[in-house]
1. Considering only residues of the stretch 67-85 that are within 15 Å of the chain's Cα centre (by Cα) and farther than 16 Å from residue 122 by Cβ, which is farthest from the ligand (Cβ to nearest atom)?
2. Going by what's in this entry, would residue 104 be described as out of contact with any strand residue (DSSP E or B) (no Cβ under 9 Å at 6 or more places or on another chain) and either closer than 22 Å to residue 35 by Cβ or modelled with pLDDT of 95 or more (or both)?
3. Considering only residues of the stretch 122-142 that are at pLDDT 75 or above and assigned to a loop (DSSP other than H, G, I, E, B), which is surrounded by the most Cβ atoms within 10 Å (Cβ to Cβ)?
4. Name the residue, out of 61, 52, 32, that is within 16 Å of the chain's Cα centre (by Cα), surrounded by 12 or more Cβ atoms within 10 Å (Cβ to Cβ) and over 25 Å from residue 77 (Cβ atoms).
5. Quick check on residue 116: is it more than 13 Å from the ligand (Cβ to nearest atom), in contact with a helix residue (DSSP H, G or I) (Cβ under 8 Å, 6 or more places away or on another chain) and either more than 26 Å from residue 33 (Cβ to Cβ) or modelled with pLDDT of 95 or more (or both)?
6. In the stretch 90-121, which residue that is crowded, with 20+ Cβ neighbours inside 10 Å and assigned to a loop (DSSP other than H, G, I, E, B) is nearest to the chain's Cα centre (by Cα)?
Ligand code: CMP
């Protein structure tokens, strides 16, 4: 079953949006497979965003990610990578549709509440980076919303 990596960024945690984010993914029918609250080191944030290292906003982005605790999650379900991105909304919150997380809760691309993997390949890499093997304990895969499992 497809999995994606979702991270609630420091602004989302500080603003008390953890429950709201989890609720939206749960109500849609996705299954929470991994969850942890942690503050990451600079080198770790740079590794997560390595593809963006040449961008002018890179160092500000890393400052932001290390500025406080984040909530790292693995979500599982049919089409969860693409649909997760739809639930989150466009990267720039001003371009995000109302009804999406960023569309409802953010106004600044540099404080956009949440990250979600942009492809199945990225999801595999990000899950491996954030969740070392054996750290995801709940291996049950009951999907009550899905007819064929
Ligand atoms: P995210 O979905 O985590 O993927 C890369 C992140 O880079 C993005 O969300 C934003 O937080 C950040 N980002 C992208 N473009 C800009 C920008 N122009 N200025 C500041 N931050 C940006």
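The values are calculated or read from the model by the stated rules, or taken from the named source; none is laboratory data. Just so you know, these numbers come straight off a predicted model, no measurement behind them. Positions of Cβ are generated from backbone atoms using ideal geometry, with glycine treated the same way; all protein chains shown enter the neighbour counts.
1. For the stretch 67-85, the residue satisfying everything is 77.
2. no
3. 131
4. Among 61, 52, 32, only 61 is within 16 Å of the chain's Cα centre (by Cα), surrounded by 12 or more Cβ atoms within 10 Å (Cβ to Cβ) and over 25 Å from residue 77 (Cβ atoms).
5. Here the answer is no, as residue 116 does not meet what is asked.
6. Of everything passing the filter in the stretch 90-121, 117 is nearest to the chain's Cα centre (by Cα).
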